[in-house]
Structure formats: structure tokens, C-alpha cells
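Below: the structure, in C-alpha cells.
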Amino acid sequence: MKFGTFVAALVVAVVAPSVTSFASPDCRASRELLDLGHPLTVAREAVAKDHELRIVAMGSSSTQGYGTTSPQFAYPAQLKLHLEKAMPGVAVHVINKGIGGQDAEEMTERMKSDVQPAHAQLVIWQVGTNSAIRHTPLDLFSRKLRAGIDIGRSLGAEFILMNLQYVPAVVALPDEQDYAHVMAQVAKEKGTGLFNRLSIMKAWYNDGMPYSQFVYNDGLHLNDFGQKCIGKLLSQAILRTVKPSQLTGDPKAGN
């Protein structure tokens, strides 16, 4: 059976609405999974001294918001909403630079042109899924990640890498974990943050939340709940790292 045919069958089996649904979905992640692994010094200083945070959300269709019923439900818009609510004295800018279908190589090529005009202090780079689907060699994937980070840093920005989504089309791949592992290695070696979307969403599924609760009916993209939850959890991870204590209280992971 061809990969595409297998994925289509898998989507019908696990994403189609079932009689028993997860009645009250809970947007949650453990404190460990929300640890970015990096202090985000540039962003912290921007918040503390300038009361401003400029973020570029670099990515593909997950960032663009494909699968949602409104652009306001895409994770970058939700991230802005939650950061503004938590830091009322801080001017928060989140510029959505998601282009559907792009992989690490294509995004690296536009890193300078998308980051420089925004004067971003932080780049959230959602990447990995399209590279895995296209079977990009892991060494090339790693090189493009490093090159993209170097470009952004030369412009004064620091990074959070957001890895693959846990959805049927990705789980069906033979090596999705290899791409996630490369991203973790690059994040550690280059000293960037890592938002472990793959493990966060896998925890939802392992806790009994069906795919249909957070996955769009194509089996690849996130629906409204999935996107809104990722935006909320990412905001919590960032706030724990960059937010001065005098601005507002510490957010709680499970709320």
C-alpha cells in the first residue's frame, strides 16, 4: 500500500467523529514539557527594559493557520492574545510569517527578509513536518536549521524551535522521531529554545483525547482547539521565561 493511501485510510479511522467524544477537552501540558530549555535573554531584556516584545512566527501551514475556522484561532494570534493579557504593560507584536507547504530549506531562504523588517527579538520557528514528509536527508535538515538560526541571530533575534505535530499523517511516517531528535540536538548545540509540540500533543492522545478533538479532518493539520491550545501553552512557556515578576503573577501550566 502506498504511503498516501495508508494515511488516507488512517485518517478515516482515527479522525472521523465517533459516538463517544472527549466531552470536556482540557488544554494542558506538564511543567516539564513546557520547559523551553533556554533563558531567552534577548526577549527577557526587551520585556523588562523596553516593555516590548516583537515576535516573528516563522513556519508553514501550521503557522499560517490552515485547518482553523478563523485566522484568529491560529496559534500566532492566540499567542499574542495570551501574552497581552498576561503582560498589560508590554507592547506585544506577533507577525505571522507562515507559508503553507514550505520546509526548512525554503524558510531559511526567506529568514532575513522576514525577520529583519520586523526588528524581531524572538523568532518562533515551526518546522520539521514538511521536511519529514518529503524525506529530506537529516544532515541537510540539520544544516538548514543551523543556517536559519545563524541568519536570525545576525539580525539580533533569538529562537524557539517548534517541532512536529502529533497527528495521524505524521505518526504514520517511519522516522518522524528522527527529525524531532535532530531539532533537539540543534537547539541544544545552538543554544535556542525548543517547544516540544510533538510530545505535548502525544501526551494529549495518551491521556485519552481522541485525534478528532484536536486534528483537522485531513489528518495533518490542527483544528481550532488544537491551534488555540498550542498558542496558549506556548505563551505559558514564554511567560515563565521572560516575564518580570513585577508585571503579573506566574501562570499555571494546566489552566
Legend entry - Filtered residues of segment 35-56 (kept if under 21 Å from K190 (Cα atoms) and either in contact with a Phe, Trp or Tyr (Cβ under 8 Å, 6 or more places away or on another chain) or among the β-branched types (V, I, T) (or both)): L36, T41, V42, I55, V56
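Among the residues of segment 52-61, is any hydrophobic (A, V, I, L, M, F, W, C), within 15 Å of T241 (Cα to Cα), modelled with pLDDT of 95 or more and surrounded by 14 or more Cβ atoms within 10 Å (Cβ to Cβ)? Steps first, answer last, please.
First, the residues of segment 52-61 that are hydrophobic (A, V, I, L, M, F, W, C): 53, 55-58.
This time we only want the ones that are within 15 Å of T241 (Cα to Cα), so: 53, 55.
Among the residues that remain, those that are also modelled with pLDDT of 95 or more are: 53, 55.
Those still in the list that are surrounded by 14 or more Cβ atoms within 10 Å (Cβ to Cβ) too: 53, 55.
Yes - at least one qualifying residue is present in segment 52-61.
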Legend entry - Selection count where residues are surrounded by fewer than 23 Cβ atoms within 10 Å (Cβ to Cβ) and in contact with a Leu (Cβ under 9 Å, 6 or more places away or on another chain), scope segment 83-99: 8
Inset, instruction - Please work out if K80 is under 14 Å from K228 (Cβ atoms), buried (at least 21 other Cβ atoms within 10 Å of the Cβ) and charged (D, E, K, R). - result: yes
Inset, instruction - Working only within segment 7-40, note down all residues that are modelled with pLDDT of 95 or more and of a type in the set (S, T, Y). - result: S30
Legend entry - Residues of segment 142-164 classified as more than 14 Å from the chain's Cα centre (by Cα) and either among the charged types (D, E, K, R) or outside any loop (DSSP other than H, G, I, E, B) (or both), total: 14
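Of all residues in segment 106-141, which are part of a helix (DSSP H, G or I) and buried (at least 18 other Cβ atoms within 10 Å of the Cβ)? Walk me through how you get there before you give the answer.
Of all residues in segment 106-141, those part of a helix (DSSP H, G or I) come to 106-109, 111-115, 129-133, 138-141.
Correct list: M107, T108, M111, D114, V115, T129, N130, S131, A132, I133, F141.
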Legend entry - Selection count, segment 130-177, where residues are of a type in the set (V, I, T) and closer than 20 Å to K112 by Cα: 3
Legend entry - Test for A184: is it under 16 Å from the mean Cα position of the chain (by Cα), in a helix (DSSP H, G or I), small (G, A, S) and more than 12 Å from M58 (Cβ to Cβ): yes
Inset, instruction - Report, ordered by the first and then the second residue, all pairs with beta carbons closer than 7 Å, sequence separation of six or more or different chains, a first member in segment 90-114 that is closer than 20 Å to Q72 by Cβ, and a second member that is assigned to a strand (DSSP E or B) and charged (D, E, K, R). - result: A91/E52; H93/R54
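For segment 189-255, list the helices (runs of 4 or more DSSP H) that sit wholly inside it and hold at least 1 residues that are modelled with pLDDT under 95, out of contact with any Cys (no Cβ under 7 Å at 6 or more places or on another chain) and among the hydroxyl-bearing types (S, T, Y); which are they? Explain how you work it out, then say what you get.
Values: elements: 197-206, 211-214, 224-242.
Qualifying helices (runs of 4 or more DSSP H): 224-242.
The values are calculated or read from the model by the stated rules, or taken from the named source; none is laboratory data. As the structure is a prediction and not an experimental result, all values here were calculated from the model. Every residue, glycine among them, receives a Cβ derived from its backbone with ideal geometry; neighbour counts consider all protein chains shown.
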